[in-house]
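The structure appears right after this line, and notes come after that.
The values are calculated or read from the model by the stated rules, or taken from the named source; none is laboratory data. Please read all numbers here as calculations on a predicted model, not as lab measurements. Positions of Cβ are generated from backbone atoms using ideal geometry, with glycine treated the same way; all protein chains shown enter the neighbour counts.
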Amino acid sequence: MKESIFDYPEAKLTRGVTLWFTGLPSSGKSTIARIIERQFRKWNLKVELLDGDVIRTHLSKGLGFSKEDRDANIKRIGFVCQLLTRNDVIAIASAISPYREVRDFNRRMIGNFVEVFVKASVEECEKRDVKGLYKKAKAGEIKGFTGVDDPYEEPLNPEVICDTENETPEGSAEKVIRRLEELGYLRLNSHSQVR
């Protein structure tokens with residue numbers, strides 16, 4: 001049986017990379033991103049988590065939810081990720097980023113870019129929604145809510161798909177970390193390799 005990633009005593013980062021988590025509200029992006037961030041810190045890797053909600057409070061305050069404002073917000077997150085990535089940091093972005101075009105813009109700008117599609121149905125996301133935003137959007141209290149009255153454009157070729165209706169958050173996190181290893185961004189050392 002394969003050793004769990006979380007049991008590996010160490011890992012080495014070969015170069016900076018942006019892990020871009022995209023998906024519907026309440027699909028599980030932040031949960032998986034935080035598990036990965038914790039593991040990377042345990043391995044003493046240079047990592048920064050840019051969560052969409054936190055960014056809106058600090059970096060994108062004043063932006064609304066029109067398509068133009070959403071695009072500006074995602075490009076700002078992308079710019080920060082690009083700075084971190086080129087300085088050999090793992091930038092983890094967790095943002096709905098509903099539009100394919102702006103995600104592709106960030107991919108081109110950043111270069112070392114791994115898109116993680118956190119997949120869950122609108123029905124499942126609505127069940128998980130502790131803030132009740134889906135309910136408010138369906139009642140017309142919130143306009144332009146992704147997945148209700150504003151589109152979410154699924155990635156066409158993401159490097160990783162986390163199916164959070166059928167995977168545990170830890171299982172999804174492990175899948176993402178293994179993909180980083182396959183792509184050559186990480187070298188994992190199991191107990192048997194450590195001397």
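If you take the residues in region 158-176 that are of a type in the set (S, T, N, Q) and free of Cβ contacts under 8 Å to residues at least 40 places away in the same chain, which one is farthest from Thr31 (Cα to Cα)?
Step by step, filter region 158-176, then rank; the result is Asn166.
Could you check region 97-116 and list, in sequence order, the residues that are surrounded by 22 or more Cβ atoms within 10 Å (Cβ to Cβ) and in a loop (DSSP other than H, G, I, E, B)?
Ser97, Pro98
Can you run down the residue pairs with Cβ atoms below 7 Å, 6 or more apart or on separate chains, where the first is in region 51-74 and over 15 Å from Phe105 (Cα atoms) and surrounded by 18 or more Cβ atoms within 10 Å (Cβ to Cβ) and the partner is hydroxyl-bearing (Ser, Thr, Tyr) and at pLDDT 85 or above?
Asp51/Ser30; Asp51/Ser94; Gly52/Ser94
Which residue pairs have Cβ atoms closer than 7 Å, lie 6 or more positions apart in sequence or on different chains, and pair a first residue in region 124-148 that is in a loop (DSSP other than H, G, I, E, B) with a second residue that is surrounded by 11 or more Cβ atoms within 10 Å (Cβ to Cβ) and among the aliphatic types (A, V, I, L, M)?
Qualifying pairs under 7 Å: Ile142/Leu133; Phe145/Leu133; Phe145/Ala137; Gly147/Leu24; Gly147/Val122; Val148/Ala137.
Can Val17 be described as over 10 Å from the mean Cα position of the chain (by Cα) and closer than 21 Å to Gly132 by Cα?
Considered against the rule, which asks whether it is over 10 Å from the mean Cα position of the chain (by Cα) and closer than 21 Å to Gly132 by Cα, Val17 comes out as no.
Among (1) in contact (Cβ under 8 Å) with a residue 12 or more places away in the chain; (2) in a loop (DSSP other than H, G, I, E, B); (3) over 25 Å from Glu174 (Cβ atoms), there is one condition Val80 misses while meeting the rest; what is its number?
Only one criterion is unmet by Val80, namely (2).
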